[in-house]
Amino acid sequence: MWFWSGREVRETEIADIPAYNKANGLMWTAFSAVFWAGAVLGLFQLDIAGIVVAVGTIVGIPLLFLTYKRIYSKYKR
């Protein structure tokens, strides 16, 4: 698994592939929580759901980038 930037990460670059993949999976799961929360809120308060999704996305995308850089640095050989 790698970040969406289009740069492929080769197996030889990563020291612990299962841990690297798990960390990536957790990162994406945490990011998707904003959208799940927005979906649930949308059932009751559509305007608040839109705000949650918008703010979560605006803040979340830079956090994804920073988190991935940390994950890559931690597991690279």
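The values are calculated or read from the model by the stated rules, or taken from the named source; none is laboratory data. What you see is a predicted model, and the numbers here were worked out from it, not measured in a lab. Virtual Cβ from ideal backbone geometry, glycine too; neighbours counted across all protein chains shown.
Residues of segment 11-45 that are assigned to a helix (DSSP H, G or I) and over 30 Å from Arg77 (Cβ atoms): Ala33, Val34, Phe35, Trp36, Ala37, Gly38, Ala39, Val40, Leu41, Gly42. Considering each residue of segment 40-51 in turn, none proves to be under 18 Å from the mean Cα position of the chain (by Cα) and not hydroxyl-bearing (Ser, Thr, Tyr). Tallying residues that are within 15 Å of Arg70 (Cβ to Cβ) and among the acidic types (Asp, Glu) within segment 7-48 yields 1. Applying the criterion of being more than 30 Å from Arg10 (Cβ to Cβ) and surrounded by 16 or more Cβ atoms within 10 Å (Cβ to Cβ) to the residues of segment 52-77, the residue that is nearest to the chain's Cα centre (by Cα) is Gly56.
I need the full set of residues from segment 27-51 which are under 30 Å from Glu8 (Cα atoms) and among the hydrophobic types (A, V, I, L, M, F, W, C), in order please. Hits for segment 27-51 are Met27, Trp28, Ala30, Phe31, Ala33, Val34, Phe35, Trp36. The test for being β-branched (Val, Ile, Thr), within 30 Å of Arg77 (Cα to Cα) and part of a helix (DSSP H, G or I) does not hold for Ile48. On the basis of being at pLDDT 95 or above, in contact with a Gly (Cβ under 6 Å, 6 or more places away or on another chain) and small (Gly, Ala, Ser), does Ala19 make the cut? Considered against the rule, which asks whether it is at pLDDT 95 or above, in contact with a Gly (Cβ under 6 Å, 6 or more places away or on another chain) and small (Gly, Ala, Ser), Ala19 comes out as no.
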